[in-house]
Amino acid sequence: MPYLMGGYPDPDASRACCAAAADSGADLIELGVPFSDPLADGPVIHAAAGEALAGGVTPDDVLSVCESVAAQVPVVLMVYANVVLQAGLSAYVQRAAAAGAAGMIVPDLPHDESGELREACDAQDVALVPLVAPNTAGCRLDAIGEDARGFVYAVSLTGTTGERSTLPPELATMVERVRAATTLPVAVGFGISTSEHASAVADLADGVIVGSRVVRAAGEGGSAAVGELVSELARALD
Amino acid sequence: MSSPGPGAARERDFGPYGGRFVPETLVGPLDELEQAWLDARVDPDFNAELSLLLADYAGRPTPLYMAPRLSEVTGGTVYLKREDLLHTGAHKINNAIGQALLAKRMGKGRVIAETGAGQHGVATATACALLGLECLVYMGSEDMRRQRPNVERMQLLGAEVTAVETGARTLKEAVSAAIRDWVASVATTHYVIGSAVGPAPYPALVRDLQRVIGDEAREQIQAAEGRLPDRVIACVGGGSNAIGAFVGFVHDADVGLIGVEAAGDGLDSGRHSAPLTTNACGVLHGALSAVLQDEYGQVLDAHSVSAGLDYPGSGPEHAWLRDEGRVTYEAVTDDDAVAAFRRLARLEGIIPALEPSHALAWLFAHPGEGIDILILSGRGDKDLAEVLSR
């Protein structure tokens, strides 16, 4: 499950990158909506968002990228809370659904703040996918698992997005804890950047999310580099 | 409206504002911080230690000074609450010492902070030196260039200053960088936020630590005048000195409360720092509040001659006090603030910081015949170059 920044490096190239990822074996594309102050993101995704915004990319441009690839592969939008709030919760979700989005992840909307958006998403059959972290307490994990839609996104580490050289040692225990809290599939993301990582995570979880590494490929080599990287990652998961 | 006494329950929301719009990783630590503060603020030992440091180290209580020549100009009686006389030169030290003590109590030996003009960074570096804590301050590289002496002060005090190179390289990005650090380091690190902003419990925590301004002023004015003031006037960036002052008077319905934002080049210019005055509403740095943003929800860069007001958001409690009609928020341009800066220096022999110069400019434009208290939140040494270059 690759993450790509919507509208990066530019809207056309972004469409091409998504198509390349879909053609190369992505099971799902996580599509980022650029935001000015992305607190959950490390330097690579932050910079990509900044570049997209500097190029004039709007949330609607990202939905148009979503629409272009949604027929091929499910798309989950990764969008910060203020972008959704400014558009209006229901209005944003309706537009996302119309663009074919299967789900939404809002990284700065923790469970306590998410009720209203979940209702809006449920009404449009868009899955509001929750994030859980290694330090999410047990009772909280149960509540999040209960309200989860689509899948549960397990953040592998305490930190922001970005490539790391090794996987956190407590990952297996964490994934087990998350599994106990939900009947839905569990996908793991943050810090996963190599085929070795992906293959190790696939032994534990149902989905593997690779973000910064794929965004870096999009910036450095466009859709060809994205296609090559996603093929390599997909092979590692076979 | 809220001005809880010690021991009151947790406060996460101020009407529709506030909350915790943060990555999941921070939710547990924010719970922990909230509980630690609820415990600490009713702990006699903690309060005794804090009071002693505020008195003997920082210089509290600060005088409430009746400014005769300024009063002559306005036609009323103007008192200045002299936060400019505190150690490190601004009210920021009230919060920094309190949060550094709290960090120590929580067993966190590393402290991070953000700073714009450098006042909060210097205050935090000072508190960390005092308490033997490791200190790292995030500062936009543009601010580091403009505020070189404060960078050197922080380094002298033993803090590490990390340059932030993203966006406009000013305060907004420095806060984001500090939050990102905290997401990764939260087990060992306390984040000392510098204003009454951020995710719960920060807005309430910072207000509690700054309410000493309002509580002192209330006692002092009653001792001096035998009654409460007609108006309390304070500048608002994030709004920590203002909320600390207002909370002492918020239940006194006859006391007018005025928060003065930075209108920069003018509210119509688009180059300002006045989210409250312009009714902006959004999520920034973990809270729903007044936030400058474009039609798509992208947060805009603020502008003000005063680095301490140069921030596109304001504290959630201010947004609520505005909606409730309890506090009036207005904005003053760069030019008027600079003129007021110069005017107070000549009138009273006090060089104010550019931040409270906004409140002074509002007072000059809206003189009152009664008793006014104006919060002089900091001194102006740091602003000399900026003012003299204009």
Exercise for review: Would you mention how many residues in the range A:74-89 are of a type in the set (A, V, I, L, M, F, W, C) and open to solvent by 10 Å² or more (accessible area, probe 1.4 Å)?
Suggested key: 4
Exercise for review: Sort through A:50, A:55 and tell me the only one that's without any contact (Cβ under 8 Å) to a residue 24 or more places away in the chain and either facing another protein chain (nearest Cβ under 10 Å) or of a type outside the set (Val, Ile, Thr) (or both).
Suggested key: A:50
Point to revise | Hits in the range B:85-115 - residues which are part of a loop (DSSP other than H, G, I, E, B), open to solvent by 10 Å² or more (accessible area, probe 1.4 Å) and under 14 Å from residue B:240 (Cβ atoms) | key: B:91
Check your understanding: Do any strands (runs of 3 or more DSSP E) lying entirely in the range B:256-359 carry at least 2 residues that are β-branched (Val, Ile, Thr), and which ones are they?
Key -> B:256-264, B:327-333
**Study point:** Residues of the range B:177-202 classified as more than 17 Å from residue B:32 (Cβ to Cβ) and touching a Pro at 6+ places or on another chain (Cβ under 8 Å), total
**Key:** 2
**Study point:** Exclusive hit being in a helix (DSSP H, G or I) and under 26 Å from residue B:285 (Cβ atoms), set A:40, A:52, A:13
**Key:** A:52
Practice item. Residue by residue through the range A:63-97, note down the ones that are more than 10 Å from every other protein chain (Cβ to nearest Cβ), in contact (Cβ under 8 Å) with a residue 40 or more places away in the chain, part of a helix (DSSP H, G or I) and in contact with a strand residue (DSSP E or B) (Cβ under 7 Å, 6 or more places away or on another chain). Key: A:65, A:66, A:69
Practice item. State which residue is farthest from residue B:370 (Cα to Cα) when the search covers only the range B:279-302 and only residues that are of a type outside the set (A, V, I, L, M, F, W, C) and free of Cβ contacts under 8 Å to residues at least 40 places away in the same chain. Key: B:296
Study note, to complete from the structure: Picking from A:125, A:142, the residue that is of a type outside the set (A, V, I, L, M, F, W, C) and within 23 Å of residue B:29 (Cβ to Cβ) would be A:142
Study note, to complete from the structure: Wholly inside the range A:104-189, helices (runs of 4 or more DSSP H) that include 2 or more residues that are of a type in the set (Asp, Glu) are A:115-123, A:138-147
Study note, to complete from the structure: Per the filter on the range A:192-218, residues open to solvent by less than 40 Å² (accessible area, probe 1.4 Å) and out of contact with any Leu (no Cβ under 8 Å at 6 or more places or on another chain) are A:193, A:205, A:209, A:211, A:212
Point to revise | Entirely in the range B:27-82, the helices (runs of 4 or more DSSP H) that have 2 or more residues that are more than 30 Å from residue A:113 (Cα to Cα) | key: B:44-52, B:68-74
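Rundown of residues vs (1) touching a helix residue (DSSP H, G or I) at 6+ places or on another chain (Cβ under 9 Å); (2) away from chain A (no Cβ under 13 Å); (3) open to solvent by 10 Å² or more (accessible area, probe 1.4 Å), yes/no style:
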{"residue": "B:178", "(1), (2), (3)": "no, no, no"}
{"residue": "B:194", "(1), (2), (3)": "yes, yes, no"}
{"residue": "B:206", "(1), (2), (3)": "yes, yes, no"}
{"residue": "B:211", "(1), (2), (3)": "yes, yes, yes"}
{"residue": "B:214", "(1), (2), (3)": "yes, yes, no"}
{"residue": "B:217", "(1), (2), (3)": "yes, yes, no"}
**Study point:** Cβ-Cβ under 7 Å pairs, at least 6 apart or on other chains, the range B:58-80 side free of Cβ contacts under 8 Å to residues at least 12 places away in the same chain, far side surrounded by 16 or more Cβ atoms within 10 Å (Cβ to Cβ)
**Key:** B:71/B:77; B:71/B:78
Point to revise | Flag if residue B:262 is open to solvent by less than 10 Å² (accessible area, probe 1.4 Å), within 21 Å of residue B:210 (Cβ to Cβ), more than 14 Å from chain A (Cβ to nearest Cβ) and of a type in the set (Gly, Ala, Ser) | key: yes
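The values are calculated or read from the model by the stated rules, or taken from the named source; none is laboratory data. Note that the structure is predicted; figures quoted are calculated from it, not measured. Because the Cβ atoms are built from the backbone with ideal geometry, glycine has one as well, and the counts that use them run over all protein chains shown. The area values use the complete protein model at the heavy-atom level, side chains included, leaving out ligands, DNA and RNA. Shrake-Rupley method; radii C 1.70, N 1.55, O 1.52, S 1.80 Å.
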